[in-house]
Every structure is written in structure tokens, then in C-alpha cells.
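Asks: Here it is: the structure, laid out below.
The values are calculated or read from the model by the stated rules, or taken from the named source; none is laboratory data. What you are looking at is a predicted structure, and each value in this text was computed from that prediction instead of being measured. Here Cβ is always computed from backbone atoms with ideal geometry, including for glycine, and neighbour counts include all displayed protein chains. In case anyone asks, the SASA skips ligands and DNA or RNA and just uses the protein heavy atoms, side chains included. Shrake-Rupley method; radii C 1.70, N 1.55, O 1.52, S 1.80 Å.
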Amino acid sequence: MNDYKISVIATNNTGSNASLVTWIDFNNNGVFEDDEGQIITIPNGAVDATGEIEWNNIPTINNGTTLTLRSRLIPRVISQMSQASPLGVELGGEVEDHRINVGKQDMGDAPETYGTDPLNNLRTSYYY
């Protein structure tokens, strides 16, 4: 089992504290399930605020897997996933969908064998 963490940047101009609810379809079954979601609070008036969302005890995801992420800003504070839905209308909120490519990513720089990182020439970076 693994823990996965993402950083998000959010703006909240809804007029009240809001919840950012984020699901990742970890089992790739095409359904955002409650146990695949997390909630963080975005304060009223936040502009480009950084937050972290973390999932714990997730089964290992194979390199080359593409996952789907959905984030929904809800203009009220919630505390349980059952209070949010990845589907339907939420007045005053917003929904964003993104793909996550799991595995080693080519960042367009020189190969690691060129010794571009003096602290760790053989480092392999994975981005989730």
C-alpha cells in the first residue's frame, strides 16, 4: 500500500469558505467512489492558495497507467464524502477534470547518465 499526495492551487471567490473535493479513479473502473475522494477547505477570499491533498493506503499503481482526477469546488464546508457528488450540478461551484500519467516522465532535459544532478547522478524521478 502507498500514500499519494498532490499539491493544488485554488482560488475561492464564492463569498464563504468552500470545500475542494477531489477524486482519483485509482481502480480505473470509470466511477469516482467515496473512498477515492478527499476534502480540503479553501478559505473565503483565497487567491492562488496552495493546498495538499493526500490519499493513504492505496494499492500500488503500475507505471504506464493513466488515471482520471476530478476536483469540485463546493461553496460550503463539508466534512464527509457522502455530502458531495462527482456528478450533477452544484450551484456556485466549479469542476475540473485532469488525466494523471503514472510513471517516469521525460522532462526534456539531458539524460540522467550525463550527470546533471551532482547530488544523485542516478536518480529517477516519478511524478504522480
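Asks: Among the listed residues Val77, Val31, identify the single one that is modelled with pLDDT of 95 or more, open to solvent by 80 Å² or more (accessible area, probe 1.4 Å) and more than 15 Å from the chain's Cα centre (by Cα).
Replies: Val77
Asks: For Leu91, indicate whether it is exposed (fewer than 15 other Cβ atoms within 10 Å of the Cβ), under 24 Å from Ile9 (Cβ atoms) and at pLDDT 80 or above.
Replies: Judged against the criteria, Leu91 is a match.
Asks: Residue under question is Asn17, and the condition is that it be in contact with a Leu (Cβ under 7 Å, 6 or more places away or on another chain), open to solvent by 50 Å² or more (accessible area, probe 1.4 Å) and not aliphatic (A, V, I, L, M); does it hold?
Replies: The answer is no for Asn17.
Asks: Right, something else. Only one of Asn2, Asn12, Asn44, Asn29 is without any contact (Cβ under 8 Å) to a residue 24 or more places away in the chain and polar (S, T, N, Q); which?
Replies: Asn29
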